[in-house]
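Undergrad: Before anything else, here's the structure in question.
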Amino acid sequence: MVDFSFTPEQEALRELARKFAEEEVEPKVKLMDEKDEVPMDLIKRMGELGFMSVLIPRKYAEDVPHAGMGHVARTIILEELGRVSPALSQALQIFHLGHAPIIYFGTEEQKERWLPDLATGKKLSTLAMTEPWGGSDPIGSIKMTAKREGGEYVLNGVKVWITNAHIADVIGVVARTGEGPKGFSVFIVEKGMKGFKHGAINKGIGLRGCNVGGIVLKDCRVPVENRIGEEGEGLKIALHAVSNVGRPGVAATALGIVRRCLEEAAKYSKQRVLYGKPIAELQAIQWHLTDIYMDYQISRLLLYYSAWLRDMGKRADAENAMGKFWVTESAVRCARKLVDIYGAWGNAVDKIPQRLLRDAIPLIAAAGTNEIMRLVMVRKILKELT
Ligand SMILES: Cc1cc2nc3c(=O)[nH]c(=O)nc-3n(C[C@H](O)[C@H](O)[C@H](O)COP(=O)(O)OP(=O)(O)OC[C@H]3O[C@@H](n4cnc5c(N)ncnc54)[C@H](O)[C@@H]3O)c2cc1C
């Protein structure tokens with residue numbers, strides 16, 4: 001049997017996320033974009049509403065609403081937030097990314113230590129992998145070192161382009177503990193540890209109001225109890241998190257953009273009158289509308305399918321890569337079409353089309369570029385489908 005319907009709980013969650021986005025987030029979107037200010041009050045509200053807890057098993061988040069609802073539920077929240085504020089959606093999805101190494105690879109003790117506070121938003125998190133020398137090639141480019149000294153590791157190095165870097169309390173850091181692909185480990189570095197400093201903000205053209213920046217570790221001493229998994233398992237753990245949580249999270253944010261483009265394009269083309277009739281009656285505009293509509297429907301099918309695979313406990317690396325590739329490219333394509341439909345007004349700074357385009361562009365590189373998504377997909381094609 002194939003069933004494309006959402007459960008009543010998932011429908012209720014969508015309604016809640018949409019209400020929050022429209023009533024509480026929308027009034028702040030313009031200011032976030034203009035000032036690039038992180039809305040800590042909205043982040044606190046997301047914790048209260050239970051949006052942080054969706055991937056965290058109920059056992060560690062007993063009284064938190066929506067705890068453990070899973071990947072489909074998470075996609076619903078991110079799509080609804082992305083429709084109104086891709087910046088806030090991206091911040092939330094990276095909090096989930098920061099949870100992932102602990103959820104999937106942490107010891108019982110580590111889960112009990114960190115997950116309850118992460119589930120409520122009392123503590124915020126991220127995952128720091130990228131360094132200035134090239135995110136696509138972690139084996140060649142990660143220079144941050146972690147040297148064991150008794151019961152501690154001493155970390156030295158720099159991370160860049162880390163979402164939530166300056167607001168996170170609990171940061172999964174990938175550092176070099178040896179040579180080759182098995183020469184990396186993941187450590188939980190906590191804000192305030194000696195030797196921990198924030199680096200520069202990485203200012204982008206879009207997603208303004210979502211903090212993205214650097215982390216600098218200088219002789220930062222991290223207890224061995226903060227290492228997630230065994231020494232040498234770091235790349236496996238980090239890539240598992242990026243593939244299963246980071247990529248679908250970026251894609252779900254982009255899905256919100258595509259949805260918003262569809263709504264705004266339909267609305268504007270019915271309002272704008274040329275030659276005595278709405279431009280919606282011009283065939284060229286209708287083709288733009290159908291292109292955006294197709295992008296939305298295809299993106300939606302792809303993302304909810306890959307989220308469902310994860311909820312069923314199935315592997316979905318190629319599907320997650322395909323979703324990330326397709327939906328982020330769709331978001332840029334659809335936002336560009338929306339700019340075109342608006343004519344000159346599409347680039348006006350107080351109108352939505354240019355903001356959606358600026359928000360869509362950085363999603364192409366986040367969680368791995370779309371060239372890298374092709375490499376992930378081709379592995380499946382050559383291994384399993386030939
Ligand atoms: C908004 C935003 C948020 C981010 N958040 C985080 C975060 O929270 N944590 C984190 O660790 N990182 C984060 N990143 C970093 C992101 O993961 C990297 O930008 C990404 O991995 C690419 O690395 P790079 O920018 O160094 O590009 P490079 O790796 O230098 O790539 C340069 C170009 O070469 C291409 N290329 C590389 N290898 C190949 C190949 N084998 N075949 C074909 N082409 C190739 C790339 O596609 C790209 O076009 C974020 C980035 C952005 C934009």
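Undergrad: Being of a type in the set (Lys, Arg) and open to solvent by 40 Å² or more (accessible area, probe 1.4 Å) is the filter here; which residues of region 323-336 pass it?
TA: Across region 323-336, the qualifying residues are Arg333, Arg336.
Undergrad: What are the residues in region 150-162 that are open to solvent by less than 20 Å² (accessible area, probe 1.4 Å), among the β-branched types (Val, Ile, Thr) and near the ligand (Cβ under 8 Å from one of its atoms), if any?
TA: Ile162 - this is the single residue of region 150-162 that is open to solvent by less than 20 Å² (accessible area, probe 1.4 Å), among the β-branched types (Val, Ile, Thr) and near the ligand (Cβ under 8 Å from one of its atoms).
Undergrad: Right, here's the next one. For region 168-191, give me each residue that is open to solvent by less than 20 Å² (accessible area, probe 1.4 Å), part of a loop (DSSP other than H, G, I, E, B) and away from the ligand (no atom under 13 Å from the Cβ).
TA: Of everything in region 168-191, just one residue is open to solvent by less than 20 Å² (accessible area, probe 1.4 Å), part of a loop (DSSP other than H, G, I, E, B) and away from the ligand (no atom under 13 Å from the Cβ), namely Gly183.
Undergrad: Does Thr253 satisfy the condition of being in contact with a Pro (Cβ under 9 Å, 6 or more places away or on another chain), in a helix (DSSP H, G or I) and closer than 24 Å to Val25 by Cβ?
TA: Yes.
Undergrad: Something else: Check Ala165 against each of (1) open to solvent by less than 50 Å² (accessible area, probe 1.4 Å); (2) out of contact with any Asp or Glu (no Cβ under 6 Å at 6 or more places or on another chain); (3) away from the ligand (no atom under 15 Å from the Cβ) and name the one condition it does not meet.
TA: Exception for Ala165: condition (3).
Undergrad: Give the residues of region 196-241 that are open to solvent by less than 20 Å² (accessible area, probe 1.4 Å) and either in a helix (DSSP H, G or I) or at pLDDT below 95 (or both), sorted by residue number.
TA: Matches in region 196-241: Asn226, Gly234, Leu235, Ile237, Ala238, Ala241.
Undergrad: More than 22 Å from Leu357 (Cα to Cα), part of a loop (DSSP other than H, G, I, E, B), outside the structural domain of Ser85 (by TED's automatic domain parsing) and open to solvent by 50 Å² or more (accessible area, probe 1.4 Å) - does that describe any residue in region 293-311?
TA: no
Undergrad: Hey, can you tell me all the residues within region 130-149 that are open to solvent by 20 Å² or more (accessible area, probe 1.4 Å) and more than 8 Å from the ligand (Cβ to nearest atom)?
TA: Within region 130-149, Pro138, Ile139, Gly140, Lys143, Thr145, Lys147, Arg148, Glu149 meet the criteria.
Undergrad: In addition: Only one residue in Arg260, Arg272, Arg247 is under 25 Å from Arg358 (Cβ atoms), at pLDDT 95 or above and open to solvent by 50 Å² or more (accessible area, probe 1.4 Å), so which one is that?
TA: Just a single option satisfies the conditions, and that option is Arg272.
Undergrad: Let me ask you something else. Counting just the residues of region 344-380 that are without any contact (Cβ under 8 Å) to a residue 12 or more places away in the chain, more than 18 Å from Gly204 (Cα to Cα) and in a helix (DSSP H, G or I), which one comes out least open to solvent (accessible area, probe 1.4 Å)?
TA: Top of the filtered list is Gly346.
Undergrad: Please list, ordered by first then second residue, the pairs with beta carbon atoms under 8 Å, 6 or more apart or interchain, first in region 109-131 and more than 25 Å from Arg176 (Cα to Cα) and outside the structural domain of Pro39 (by TED's automatic domain parsing), second assigned to a loop (DSSP other than H, G, I, E, B) and within 12 Å of the ligand (Cβ to nearest atom).
TA: That search, which allows pairs on different chains as well, returns nothing.
The values are calculated or read from the model by the stated rules, or taken from the named source; none is laboratory data. Owing to the predicted nature of the structure, the values given are computational and were not obtained by experimental measurement. Cβ atoms come from the backbone with ideal geometry, glycine included; neighbour counts cover every protein chain shown. Just the protein is used for accessible areas: all its heavy atoms, side chains included, with ligands, DNA and RNA removed. Shrake-Rupley method; radii C 1.70, N 1.55, O 1.52, S 1.80 Å.
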